[in-house]
Structure formats: C-alpha cells, structure tokens
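Q: One structure, as structure tokens, below. Some questions next.
Each value in this text was obtained by applying a stated rule to the coordinates, not by laboratory testing. Treat the numbers as computed from the prediction; the structure is a model and nothing was measured. No Cβ is skipped: glycine too gets one built from the backbone with ideal geometry, and neighbour counts run over all protein chains shown.
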C-alpha cells in the first residue's frame, strides 16, 4: 500500500512516518514543503529507507500535486499539512487561509482528477483521510459537556476557522463528487520531536535553560492531552477500517489545566534534571510567570472518543503521567535536536496552547 502523507515532516506527521516505517509495510511518500516547523531530522529511521520518499512540494501548488499523483499512483492520502499555531494565526492569518483552506482544496481537486483516470482497483480502495483538530468546535462552558462527532462548529481563532473551513470542504467533496473521505478531529498532542512553540516543549526547554516559563492568563484553561504515538495508531485504524464519509474524534481522556501541566513538568524536571542551569534557582516552578492572555482564548476542550472505541476498537495506551515522563525524558536525552532547532529557525519568545 502506497500512502501520500502531507506534512510528514511536522510533529504529528513525522510520528506517523516513523510508525509506518517501523511497524507496517506501507510505502510512504511524504509531501512537505519544509517550512519553519518541519524537519527531516524528525524521522531518522526513514532516511535512506527504500519504502520512504520525500517530495518537497507546496500543497498550494495545484499542478505540482497533479504531477505527484501521476508519478506515484497512491492508494491513499493522509492530509496533515497545516499551519497550526494559534498565536501565529492571530498575527498573520493569511498563510493559514492559504495552506489550510486553499491547500486542502487543491488536494481534493488533485484527488478528484486522479480518481478519474487511475486503475479501478485503486479507485475502489482509495481513501482521503483529513486530519483535523478539536479546536473547530470552539470551547465548552459546562464541565459535563464533551465534543462529539455531532457537535456544531464554533471556531474562535483564524487557525481554527481555517481548519473548520477545510473540514467543510472535505465533506462537500465527498457528497458532491463522491470522493471517499474520512475526517478525524484530535485533542492536543504531545511527545518527542514536538516543535518548541507549543506548550509542553516550550515549558521543558524554557525550564532547562533557566528562562521564565510564561503562562497565559490564570493558567486555568483546560485541554485534553493525547500522546502522539497513540494518535498515529488511531489514524492507522481509521485509514484501515474507517467508514467512508464518517468522522471520528480522537482524544486522550486526559483533561488537565494548563497550569497543572506546567507544574507536572517542573516536578518531573526536579526528579530527572535536578541540576539547575540558572544560578540561585531553587525550584523550576519559580520560573513560572503569568502573562496577558491571548485574544479569544478558548476555556476548555474535551473529546468524547466513544465512537472510535466502539467502531474501531481504539483506546489510548498512555496516561498523561506516562506520556509526559517519556516526553520530558526524550527532550533531556536529545539536546542536539532541540539545540539545532533553537539555533536557527525559531526563537522562544512566544507560547502556544494549541495542538
């Protein structure tokens, strides 16, 4: 089986690439333009593997996408390529509209063209799997409420609005043009190789460098946390067994206040890295500082993942505690990776709470 993975050099995409190379016989074609958050260093086991091929192509380039379909004749497409950082979407929304909306449109149209001429066996088995986010649903006021596959969309930021638009495009192309699509909406991911603009890696790297740990507002925003390897296992189940036209919510069953996430990371670092870089620092938690909240910040996300459990027999393996320990340990053991990231493409002056 040959699969196109868009955004395979990003955080979730690279975890999917690693899983496929290590645990399946799939042939992988990674379509990634290698923007600031993408790195080929995030899948070392794939480099040189005969089942892996990287195409440096922008999904906003329609003709290049058509050429890739003709060149590779894929059996499925898993679409993860997206601009995903809420702060950046507030500062510069245009690129989010282009990549997340126009890019998805181009992929759907290239797929429609391909299904018009490809082999009948491929056509009958082809799947277009669109990987989205729970942020399209907005936030939850009632602590007893959860996002289900039937929850109405109510995006709060340019990022989530662009993802909501892309979800709608996928559904429309399935109904109008009979494109065999699947959609998944996931909760906040975390794990190894996580780009440092997001909350958990930002806190880890700020702390071990002895820098202030900024927390938005009062830090009481609640997120459901999903270990990235659990997520990619769910994605494989969906592409393998999911029903065309269906949506599946993927969550970690780990609701946590942002400030509690920060404190848990500080506690783990006290255990795993007790030597402080900053002179005179007694506890990592002393680096915590509260900063002005960002505009439109959602209060709570929580996923009801009962559908994927019932229909595809998937449940997360990692608890938040076990996954967080693995994540902190990985960053402590892979200083060369994050030092290269920090030295070039990104400066740690922002913090994000999105996926």
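Q: Over 20 Å intervals from 0, what percent of Cα-Cα pairs in the chain sits in each interval?
A: 31, 59, 10, 0
Q: With contacts defined as alpha carbon pairs under 8 Å and 6 or more residues apart, what's the relative contact order of region 223-314 in percent?
A: Normalised by residue count, the contact order of region 223-314 is 46 percent.
Q: For region 32-75, what value does the Rg/Rh ratio take when both radii are computed over Cα atoms and Rh is the Kirkwood radius, given to two decimals?
A: Ratio value, two decimals: 1.00.
Q: Still on this structure, I have one more. For the chain, set up a GNM with springs between Cα atoms under 10 Å and report which of 268, 199, 324 has the largest fluctuation.
A: Most flexible of the set in this elastic network: 268.
Q: Convex hull volume of the Cα atoms in region 40-107, per residue, in Å³?
A: About 110 Å³ per residue, rounded to a whole number.
Q: Normalise the Debye intensity by I(0) for region 221-290, one equal point scatterer per Cα, no solvent, then take log10 at q = 0.14, 0.16, 0.21, 0.25 Å⁻¹ and round to two decimals.
A: For region 221-290, the Cα-only Debye profile gives -0.63, -0.72, -0.93, -1.09.
Q: In addition: Under a plain spin-label model, where a point goes 7 Å from the Cα along Cα-to-Cβ, how far apart in nm are residue 95 and residue 122?
A: Reported label-point gap for residue 95 and residue 122 is 3.2 nm.
Q: Considering all projection directions equally, how large on average is the shadow of the alpha-carbon convex hull of region 1-86, in square nanometres?
A: With the hull built on Cα positions only, its mean projection is 5.4 nm².
Q: Arrange 156, 63 by Cβ neighbour counts within 10 Å, fewest through most, would you?
A: 63, 156
Q: Counting only C-alpha contacts under 8 Å and six or more residues apart, can you give the relative contact order of the chain as a whole percent?
A: In percent, rounded to a whole number, it is 19.
Q: Related question: Taking only C-alpha pairs under 8 Å that are 6+ residues apart, what is the relative contact order of region 222-272 in percent?
A: The normalised contact order for region 222-272 reaches 57 percent.
Q: Give me the compactness ratio for region 13-145, meaning the Cα radius of gyration over 2.2 N^0.38 Å.
A: Taking N as the residue count of region 13-145, the ratio is 1.17.
Q: Give me the distance between the Cα centres of region 36-79 and region 129-202, rounded to whole Å.
A: 22 Å
Q: Follow-up question, since we're still on this one. Sort the following peptides by mean Cβ neighbour count (other Cβ atoms within 10 Å, averaged over residues), highest first: 133-140, 69-76, 28-35.
A: The packing order, highest mean first, is 133-140, 28-35, 69-76.
Q: Along its three principal axes, how long is region 192-312 when you only count alpha carbons? Whole Å, largest extent first please.
A: Answer, in whole Å and largest first: 58, 31, 20 Å.
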